[in-house]
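Asker: After the structure tokens below, expect a handful of questions from me.
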């Protein structure tokens, strides 16, 4: 392109770029905004090849603020020396609705030096900033209704943001800089390894009636009672049995699950029997797991245990170990407790409530 053509490029509708040897047209440059379709009469832009967007590399040698030009779509942040602290990346100002803006950690240093994406005098999805702190990560923003919105956030070595599994596993897995180890960040998780793999799971409960009933606090009391707890689930989970603490000696027990479209007492219980050999934690599984139907999600369900001889029952004085929150409260990511004081006379539905006793009984999820 000659200097004269370049200087007057915006005076033409388009500019041809031609190979002077082959005479083939290599590129057509449009020196202005190009719109396909009109309001009320949309049209399609079809690409039978590649799509390229403007990319700019910003090299950072110290903590700084990066002001991205309004014509940049992809901002590659290359931190030459990773300082302790964060680097602020200001999204383009004057952006139009529908405009995309992508921030990429090109140097793989944002775990040490996080990239804080901001839009001065504006919020991004309701927050003043969005932080990227996973190496080689990227964040995609889109301009919607005059504000920046996060469309996507990912990382080469980061599994989700966060990872969410059906039973509530929540956290992140981050590879260390040597490429040989991983950092696990989450709450309420169990980690086990074997056969060349690492398995990350989470306990069913954040607050467990059974775990809080120990040999120091659980008491065996005389009486012919069915004892249990009442809860609701937030999704159509599967309940495989009942877990409980028994404070007495060798006995036979029956566990049960009670549910229904209204009062859970209206449905015949699902039961199983087991044997306990002394004080301790026990789990009795149903022959066939119980799949909670969708119409019973967020409805009351009860589980119970009954000593078949009708002589004794166990009370877990959990108030000595941990204060019980005001009911209802979350027992885990899939469970909300409604009552930990449910009982029934004899072998019956636990549809009465005790004012002072707490029963160490809970469901077992698949």
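Bear in mind these aren't lab numbers, they're just calculated from the coordinates by the rules spelled out. Everything numeric in this text was worked out from a predicted model, so none of it was measured. Here the Cβ is made from the backbone with ideal geometry for all residues, glycine too, and neighbour counts use every protein chain on show.
Asker: Using 1/(1 + (r/R0)^6) with R0 = 56 angstrom and r between the beta carbons of residue 88 and residue 277, what's the FRET efficiency to the nearest 0.05?
Answerer: Working from the Cβ atoms, E equals 0.35.
Asker: Using a simple spin-label model with points 7 Å from Cα along the Cα→Cβ vector, what separation in nm is obtained for residue 140 and residue 35?
Answerer: Spacing of the two 7 Å Cα→Cβ label points: 2.6 nm.
Asker: Peptides 87-95, 270-278: what's the order by average Cβ count within 10 Å, highest mean first?
Answerer: 87-95, 270-278
Asker: How many percent of DSSP beta bridges within the range 55-155 run antiparallel, rounded to 5?
Answerer: Counting only bridges with both partners in the range 55-155, antiparallel ones make up about 50 percent.
Asker: How much length is gained if the chain between residue 73 and residue 336 is pulled fully straight, taking 0.36 nm per residue apart and subtracting their Cα-Cα distance, in nm to one decimal?
Answerer: 90.2 nm
Asker: Moving to a separate point now. Note the full-extension length gain between residue 66 and residue 20 as 0.36 nm times their separation in residues minus their Cα-Cα distance, in nm to one decimal.
Answerer: 12.5 nm
Asker: Right, something else. Could you line up 358, 50, 24, 149 from fewest to most neighbouring Cβ atoms inside 10 Å?
Answerer: So the residues, fewest neighbours to most, are 50, 24, 149, 358.
Asker: Related question: If you take the Cα atoms of the range 21-96, find Rg, then find the Kirkwood Rh from the mean of 1/r over all pairs, what is Rg/Rh?
Answerer: A ratio of 1.13.
Asker: Would you list 357, 307 from fewest to most Cβ contacts within 10 Å?
Answerer: Listing 357, 307 from fewest to most nearby Cβ atoms yields 357, 307.
Asker: Taking N as the number of residues in the range 52-133, what is its alpha-carbon radius of gyration divided by 2.2 N^0.38 Å?
Answerer: Relative to the rule-of-thumb radius for its length, the range 52-133 sits at 1.04.
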